[in-house]
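We did not get these values from a lab; they are worked out from the coordinates using the rules stated. Here the structure is a predicted model, which is why all the values come from computation and not from measurement. Cβ sites come from the backbone with ideal geometry, for glycine too, and all protein chains shown count toward neighbours.
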């Protein structure tokens, strides 16, 4: 069956929950062991003191380690990306920072693509160095040889441990070649140490792009966005193979940043309509972008649909992306003043950060989500005062276009 069909029932046995057709919320902090021997065995497995025997399962211990709703949600999320395992967190940043802290140690080097979401940019560039972790970056569009040269010139090639990318990039929609990034990781890997690739796939969600199929070792989400999809929860997720997710879940246990049972239950609800919502959003975005492309007050539109034949990233888009997504950024002629006039005039579209929800949202990246990014980097990647970022929702596309049209009249 296709994932959208399995979202209704996968991983849940009604007979274990009084025949409930939907997963109940298990609001409990701890679980009763049948015997002391069982409790001992479960802790041995949970803390990695021994491997599970063939017939053993990791039973329920404590909701900081596992919870029925959390486990069912993680099982269902693996279906979209074709992953072996999944870890769900209390926020997207919790997922990202847990992965970075697990796979990097003092003295290591992390290579990041730029641009990325402002919160990720801040943690990697300003928090990780406090722990003695070195940071290098490469720009989207740089070829494999150029990236290898950046690493070798740094004199820290042997310290490279992780490559962190975000594609499409927030807020410019630039693409990073995941397969090429994995080739760079392999180039610097050795028998003693493997260099891993982690990809933030938030902009495309689990329906429109599958980084693991292109060579990524880990895929990350702010599940607040398309997965949650209703602007009523905060969550994150990390997916990959069982070996790496065992490490991620181990770090999560001791940081204590797993999602709550109630958050997991709400996300299970959202997964049932995930593809329906995202299909409508992608269709709407194509029509909104076509309108913006021809508006006299819009200087440039940053949208995957504008990457057409002849564009240097066209073949990459065809290979990696299943749709054009639903994120559009555009430059308003006249700079910040006109961008603000437009944002302030919106009526249907909400002036708010975040993305991927049922309602359309608009924000000003340079002064909001990316305000802490270095000015030189903002200029380099065209994150200017005239840019507006738009997350297209599920409203009638004609109403979305009408709202943007009347707002642009104020510019």
Cα gyration tensor of the range 58-198 diagonalised, 5x eigenvalues square-rooted, in angstrom largest first, produces semi-axes 29, 17, 16
Cβ-derived FRET efficiency at R0 41 Å, residue 131 paired with residue 190, nearest 0.05:
0.95
Cα convex hull volume per residue for the range 319-394 (Å³)
110
Can you give me the distance in nm between label points at residue 247 and residue 314, each placed 7 Å from the Cα along the Cα-to-Cβ direction?
4.0
Calculated P(r) of the chain - Cα pairs past 29 Å, %:
46
What is the calculated FRET efficiency for residue 146 to residue 353, with r their C-beta to C-beta distance and R₀ = 22 Å, to the nearest 0.05?
0.10
Connecting every pair of Cα atoms under 10 Å apart in the chain and solving the GNM, the largest mean-square fluctuation among 41, 333, 366 falls on 41
Whole-Å distance, taken between Cα centres, linking the range 102-125 and the range 164-192:
13
What is the Cα centroid distance between the range 221-264 and the range 1-67, reported in whole angstrom?
16
Computed over the chain: longest principal axis from alpha-carbon atoms vs helix 68-81 long axis, angle to nearest 10 degrees, is 50
Once the Cα atoms of helix 144-154 and of the chain are each reduced to a long axis, what angle between those two axes, in degrees from 0 to 90 to the nearest 10, is obtained?
70
At 0.36 nm per residue, and after removing the present C-alpha to C-alpha distance, how many nm does the segment from residue 49 to residue 153 gain when stretched out fully?
33.3 nm
With a cut-off of 8 Å between alpha carbons and a minimum separation of six or more residues, what is the relative contact order of the chain in percent?
16
Degrees between helix 36-46 axis and first principal axis of the chain (Cα, 0 to 90, nearest 10)
40
FRET efficiency for residue 8 and residue 262 from the Cβ-Cβ distance with R0 = 22 Å, rounded to 0.05, comes out at 0.65
Please build a GNM for the chain, connecting alpha carbons under 10 Å apart, and tell me which residue among 30, 98, 78 fluctuates the most.
30
Rounded to the angstrom and largest first, Cα extents along the principal axes for the range 274-408 equal 35, 33, 28
Using Cα-Cα distances under 8 Å and only pairs 6 or more residues apart, what relative contact order does the range 269-346 have, in percent?
35
